[in-house]
Amino acid sequence: MRGMTKNSVVAGDYKGRGIVCGAKGPFINLKGSKTIFLNKQNIKRYEPVTKESTKDESSSLSLEILGAELLSSICALSESSQKTDEFLVAVEFIDESKCVINIDSRTYRCFVNAMLEEIPSKSGSAPQKKNHTLTIALIIAGVAIMLGLSSMIAAGNSLSSTDSDVKQVFDAKRFLVEEDGVARPKTMEEVVADLGEPQKSEDWNYQFGASEYPVKSLSYHDGNYVYDFYEGTLARIQIFIPATFSSKDTIPQMYNLDSGHVVADTPAAYRIENCGVHDLWCTYGDEENTIDIAYISYTNFFDNPYDPVMVGDGESPPSLQLLDSTTTSDGYIRYVTGHVANNSDKTYSYVQVSISLYKDDVLVGSTLDNANFLEPGGIWEFNAMILDDSANKFKVEDITGW
């Protein structure tokens, strides 16, 4: 929504503060280590901000917080958001503080789940229960029909089984080549020769600290399979097609991988290393026993581009690991934005990322962001404000937590 920052408080109390969808639900990230969880224990009432909000002055929480003139302006923007991934919601807390939040669809689902209610529509009509099982089934069926058998083969799917009860949905080892008894990832030329020309090719820079590394991504089948290459070698495959599993022990077999070493096993994510590739990382969907996204890494490039190692080699990643970092802007303020993963088996009650800001090679300032309750296997998206307009580089100096 133009002029408003996504996943933040845009009006009322706590205006300007970010909103994080954490492992224990969404929360407003306040200064220091304080947070306010957006759940039924803290919220008295809430409503989507729509044109309907302007009609009943006696009951409209949105009108109460924003006032008629500002509400009308925001409703006009809200109408345009029907085609975007943003939701405006007015919230009144039990302590009588009030605000309007602007959140994406993932955080909105997280918010509604925390409120233990059905999802209201953006039009303001009665809540409707979503049939996620049917939706996922239709998506999978539609993809299978449109792409056909040939496209599934091109994506690496063989639809064979390594076990009578486990269906293989992807063959990760297909993209390994054995040389002198050692497996290596395929080169970009070898992958293209195997899969054919991609639907889309994108060159971009992976920013890690103050350094940038050129990456080429090849997309197949409407972006559901993305192959990332560094220096011409396959570093990672991202799979955005949902898959179901009978038990977590069978997940590696679904991707034709070995059992490996489990480094994260939480309600949100499952990650194994030394499993035939460097690691397999799966995030779960809304439905039980459903994988939403699978990341298959053949090197540790995205963990440590300074010294990438190949399949299954090297040390385990740090407990708090920087996954990526870049600069973003909401049109008014610039941010250093990135993701930190908790690879440990403990919950961090507080996590902080500290960042140095540079103008060319001269230090001109610093910034930071923090979050609470990062659970094992959880991923935190940080957004640290850049307040020095002259800064054109940054370096993530430290990630701390306890």
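None of the figures in this text is laboratory data; all of them are computed from the coordinates on show. Computed from a predicted model, the values in this text were never measured in an experiment. Don't worry about glycine lacking a Cβ; one is built from the backbone with ideal geometry, like all the others, and counts go over all protein chains shown.
Taking a Cβ cut-off of under 13 Å around L234, the surrounding Lys, Arg, Asp and Glu residues balance to a net charge of +1, with basic ones at +1 and acidic ones at -1. Exposure proxy for Y335, Y350, Y298: other Cβ atoms within 10 Å of each Cβ, ordered fewest to most, give Y350, Y335, Y298. Length gained on full extension, E288 to W402: 38.0 nm, using 0.36 nm per residue less the C-alpha separation. The gain in end-to-end length when the V364 to E64 segment is fully stretched comes to 103.7 nm, 0.36 nm per residue minus the alpha carbon separation.
Give me the net charge for the shell around T337: Cβ to Cβ below 13 angstrom, other residues only, Lys and Arg +1, Asp and Glu -1. Local net charge: -2. Please go through the residue pairs K6/K346; K15/K395; K40/K98; K216/K395; K6/K40 and name each one whose alpha carbons sit more than 19 Å apart in this structure. The pairs that break the limit, which is 19 Å between Cα atoms, are K6/K346; K15/K395; K216/K395; K6/K40. When a/c reaches 1.5 or more, the comparison of a/b and b/c decides; with that in mind, is segment 280-402 rounded, prolate or oblate per its Cα gyration tensor? Prolate. As a proxy for reagent exposure, F229, F394 were ordered by neighbouring Cβ count within 10 angstrom, fewest first; the result is F229, F394.
Listed from fewest to most Cβ neighbours within 10 Å, the set H339, H278 follows the order H339, H278.
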